[in-house]
Amino acid sequence: MALLLAGVIAAAGCTATGDGAAPAGPRPSGGATGAGPGLARPVLAFVQPEKRAVMLVDAAGRTWRAAPTGETPPSEVVWSPDGRRLAWLDGEGASGTGELHIHDVAKGTLRSEPCPCHGIGFLGQDLATLAVDGTSLALFPPSYPAERARRVPLGKSRGTYARLATGGPDDVIVFSALPEGPGVFRGQGTVSAVDRRGTVRELLPPAKPSTFTDALRAPDGKALAWGSSDSGGACWTRATLLTHSGGTAEEPVRHLPDDAAFRRALIGDRQRSLTSFAWAGDGLTVTYGPLEGCQVLAPERFVSYYVRDGVRTFLGTGMLGIALGADGRVARLAGGASATGLVRAPSGVAAYTGTLTLTSEGRELPLGKGVSAFAFTPAESAAARPPAAAPQPPGPAVTTVAQDGGKLPEAVVRLARQIEDAAVRGDTERLVALCDTCPPGVHEWIRGEGGAAAVLRAIRAHPGRNGAEGLIYPSLSSCVDEPGQDITCTPQQLGDVALLDLRPDEGNVDYGGVVYSAWNGGPAMVPLLVRIDAKGEALWTGLAAG
């Protein structure tokens, strides 16, 4: 422990007895592309891992390069409470041999120190980090290095797998992983508050461990939010946003959406990730999405909400993350218009990158591409106001594209809408007329109980080719929600899974992901056949089965 701690203190330019290595000199920030350091007050910071840059943004949307990152860009940046400093940790891993970076926003200077430590956060105005052996904190005062850093031994060691997760005005939050055993599952651990005297206070009840990803403290420094990551294997993680009062030892509160947008995203309760969350006043923004590498990454599968007092307000789809600032400012990180637009970030940094925009004074301003992480200053986050709800995605309706995303002929769409209109009204005679070339048995079925409802379900799904017979509604037979498979679901097929209320096919063990089939769950499905005649007119010719 002494040797590891000596590494932390030497890197900080001091020792417990007052001697040690001289501090490294500051490095100036470079590459200003907007207002430049000292000429504008930043309200937002973001990371561009491919460019190895930490960027700053002012309220007008002007950007400038704060500082370069190391070889492994940070997964997060942390603001000081006064917004005058920005800190990040590069290359953090089990060995804790990355570098700690502290950027002085006003001066435009960067100080970098080797740091065998796990995690960073501000304890008041001091930057705090946890020694790699989990036995002490190192505190860097605002005037560092003019004022030396100091070590704070902990009253109870948190272990070598512990990390400092987030800061606060009076204490920091530390997550300590527990070994698997009776009552403890993979990835679970304890959540503790540690003050500047090294006193450790448990925040969870005894024998109630939690899984843990990122954590954030509320702007007032009291409440705490973190992401759970309950896992039954690499591709079977269920992430959930949790909040905690930050006071007495108690179980956290779960915040899991249950609206139509969430259900249509097909995240369900088996696989989901928590791609982003941020405090906004006394509420939180949060985005849920599919698991990178394990599920189909369609943009519409990412759903965002504002959570306050247990009430969830839908904010939209297609965003990898959203955060709110003062005066109505909104930062949005969006992927592309298709699954191919979701670009993977460098390994170990984030699942994917996107394009960051800032909405300010009614204008949406582009900030940068290839962005992996972003954060408003504490003052911006504290001044955020509850946002207006976005409309839920449109209800079921006839589609204009096939199951592969290709555009349907106008004649087919026109016929499908006529069928839909009659089915909505329950007008079976009109449906029989639209299916005038169908065999008599089909007419009987249409007029029978549930016929119009079955037609309506089918005609709103995505069609596909049915050989020489034209198109079939719906075309989905089986698909798997996993990339790189021979029957990987298209985004359109996933939409049909939700529309048809299909259940996972538990008997299909040929694929690692969740398999859906048209015969598993939901009402009985009888596909409709449509073809185009020699005159270019679309005809409903019958049923594919039944």
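Taken as a whole, the condition of being open to solvent by less than 40 Å² (accessible area, probe 1.4 Å), in a loop (DSSP other than H, G, I, E, B) and small (Gly, Ala, Ser) applies to Gly521. Scanning the stretch 198-234 for residues that are open to solvent by less than 40 Å² (accessible area, probe 1.4 Å) and either of a type in the set (D, E, K, R) or under 16 Å from the mean Cα position of the chain (by Cα) (or both) returns Phe212, Ala215, Arg217, Ala225, Trp226, Gly227, Ser228, Ser229. Would you point out the residue of the stretch 479-503, among those that are farther than 20 Å from Ala260 by Cβ and either touching a strand residue (DSSP E or B) at 6+ places or on another chain (Cβ under 9 Å) or of a type in the set (S, T, N, Q) (or both), that is surrounded by the fewest Cβ atoms within 10 Å (Cβ to Cβ)? Residue satisfying both the conditions and the ranking: Asp486.
For (1) modelled with pLDDT of 80 or more; (2) crowded, with 23+ Cβ neighbours inside 10 Å, each residue gets a yes or a no:
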residue	(1), (2)
Ala21	no, no
Pro42	yes, yes
Phe46	yes, yes
Leu56	yes, yes
Glu71	no, no
Ser75	yes, no
Ser80	yes, no
Leu89	yes, yes
Gly98	no, no
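Strands (runs of 3 or more DSSP E) fully within the stretch 137-199 that include at least 2 residues being of a type in the set (A, V, I, L, M) and closer than 23 Å to Ala239 by Cα: 163-166, 171-177, 189-195.
Counting residues in the stretch 181-197 that are touching a Pro at 6+ places or on another chain (Cβ under 6 Å), under 20 Å from Glu251 (Cα atoms), open to solvent by less than 20 Å² (accessible area, probe 1.4 Å) and at pLDDT below 95 gives one or more.
Within 22 Å of Ala87 (Cα to Cα), assigned to a strand (DSSP E or B) and at pLDDT 80 or above, is that true of Leu367?
Working: within 22 Å of Ala87 (Cα to Cα): yes; assigned to a strand (DSSP E or B): yes; at pLDDT 80 or above: yes.
Taking the combined requirement at face value, the residue satisfies it.
Just to be sure, is Gly159 more than 29 Å from Thr211 (Cα to Cα) and open to solvent by 10 Å² or more (accessible area, probe 1.4 Å)? Explain how you work it out, then say what you get.
Numbers: more than 29 Å from Thr211 (Cα to Cα): no; open to solvent by 10 Å² or more (accessible area, probe 1.4 Å): yes.
Considered against the rule, which asks whether it is more than 29 Å from Thr211 (Cα to Cα) and open to solvent by 10 Å² or more (accessible area, probe 1.4 Å), Gly159 comes out as no.
Residues in the stretch 272-306 that are open to solvent by less than 10 Å² (accessible area, probe 1.4 Å), aliphatic (A, V, I, L, M) and at pLDDT 90 or above: Ala280, Leu284, Val286, Val303.
Among the residues examined, Gly536 qualifies as surrounded by fewer than 22 Cβ atoms within 10 Å (Cβ to Cβ) and not acidic (Asp, Glu).
Listed by position, the strands (runs of 3 or more DSSP E) inside the stretch 229-335 whose residues that are of a type in the set (Ser, Thr, Tyr) and touching a residue at least 40 places away in the same chain (Cβ under 8 Å) number at least 1 are 237-244, 273-280, 283-289, 303-308, 311-317. The set of residues in the stretch 58-69 being surrounded by fewer than 18 Cβ atoms within 10 Å (Cβ to Cβ) and not in a loop (DSSP other than H, G, I, E, B) consists of Pro68 alone. Annotation note: of Ala375, Ala379, Ala423, the sole residue that is in a strand (DSSP E or B), modelled with pLDDT of 95 or more and not basic (Lys, Arg) is Ala375. Scanning the stretch 524-546 for residues being of a type outside the set (Gly, Ala, Ser) and outside any loop (DSSP other than H, G, I, E, B) gives a total of 9.
Take the stretch 336-364 and flag every residue that is modelled with pLDDT of 80 or more and either in a strand (DSSP E or B) or surrounded by 16 or more Cβ atoms within 10 Å (Cβ to Cβ) (or both). Those that are modelled with pLDDT of 80 or more and either in a strand (DSSP E or B) or surrounded by 16 or more Cβ atoms within 10 Å (Cβ to Cβ) (or both): Thr353, Gly354, Thr355, Leu356, Thr357, Leu358, Thr359, Ser360, Arg363, Glu364.
Restricting attention to the stretch 419-440, the residues that are out of contact with any Phe, Trp or Tyr (no Cβ under 9 Å at 6 or more places or on another chain), under 19 Å from Arg531 (Cβ atoms), open to solvent by 20 Å² or more (accessible area, probe 1.4 Å) and without any contact (Cβ under 8 Å) to a residue 40 or more places away in the chain total 1.
Scanning the stretch 45-75 for residues that are in contact with a Gly (Cβ under 7 Å, 6 or more places away or on another chain) and under 19 Å from Ile322 (Cβ atoms) yields Phe46, Gln48, Met55, Thr63. Hey, any hits in the stretch 319-327 for a residue that's open to solvent by 20 Å² or more (accessible area, probe 1.4 Å) and farther than 22 Å from Thr213 by Cα? Checked against the condition, which is being open to solvent by 20 Å² or more (accessible area, probe 1.4 Å) and farther than 22 Å from Thr213 by Cα, the stretch 319-327 yields at least one hit.
Matching residues to (1) touching a Lys or Arg at 6+ places or on another chain (Cβ under 9 Å); (2) acidic (Asp, Glu):
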| site | (1), (2) |
| --- | --- |
| Gly470 | yes, no |
| Thr488 | no, no |
| Glu506 | no, yes |
| Val514 | yes, no |
| Ala518 | no, no |
| Ala544 | no, no |
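Taking the conditions exactly as written (of a type in the set (Asp, Glu), open to solvent by 30 Å² or more (accessible area, probe 1.4 Å) and at pLDDT 90 or above), does Asp269 satisfy them or not? Working first, answer last.
Values: of a type in the set (Asp, Glu): yes; open to solvent by 30 Å² or more (accessible area, probe 1.4 Å): yes; at pLDDT 90 or above: no.
No.
The values are calculated or read from the model by the stated rules, or taken from the named source; none is laboratory data. None of these values were measured; they are calculated from a predicted model. Here Cβ is always computed from backbone atoms with ideal geometry, including for glycine, and neighbour counts include all displayed protein chains. These area figures cover heavy atoms from the full protein model, side chains too; ligands, DNA and RNA do not enter into them. Shrake-Rupley method; radii C 1.70, N 1.55, O 1.52, S 1.80 Å.
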